[in-house]
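Report on the following structure.
The values are calculated or read from the model by the stated rules, or taken from the named source; none is laboratory data. Note that this is a predicted model, so its numbers are computed, not measured. So basically every Cβ, Gly included, is an ideal-geometry build from the backbone, and we count neighbours across all protein chains shown. Ligands, DNA and RNA are stripped out before the accessible areas are found, and what is left, the full protein with its side chains, is counted by its heavy atoms. Shrake-Rupley method; radii C 1.70, N 1.55, O 1.52, S 1.80 Å.
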Amino acid sequence: MPELMLKAVAGLSLGLVLGACTPQAQDAVAREAARSTVSRVVVNRFPGVPVQPAIDCVIDNADAPQIYALAADTVGGPTESSVQIVTQIVSKPETVTCLATEGLPALLR
């Protein structure tokens, strides 16, 4: 139950912060918060993948609802839903292409 309350407070806090921002600032704040969740999912679920390029590819290919869902999980940590969202994004053809062009060169360095 405490985890659920923590997530509710985090979601409310994120909503209050975003409500006071311009749309561009809201997007930037949500993307930065989502990066934290994506980073943890990538490290745990995709070992050996270059983390920074993978995070960039996932964030760049996520839609707004996915970004906001991942951002909401920043405080309490990734949930099974976070893992599913990241897996969906990683499965998109444009994300696979991004990982191949950005992640592979980073892996070969």
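Observations on the model:
- Magnitude of the charge dipole, the range 15-88, Cβ model with Lys/Arg +1 and Asp/Glu -1, debye to 20: 160 debye
- Surface share of carbon and sulfur [accessible, 1.4 angstrom probe, percent] for the range 28-79: 58 percent
- Local charge for Lys92 was computed over the other residues whose Cβ lies under 13 Å away, with Lys and Arg +1 and Asp and Glu -1, and equals -3.
- Percentage of interatomic Cα-Cα distances in the range 21-109 larger than 18 Å: 38 percent
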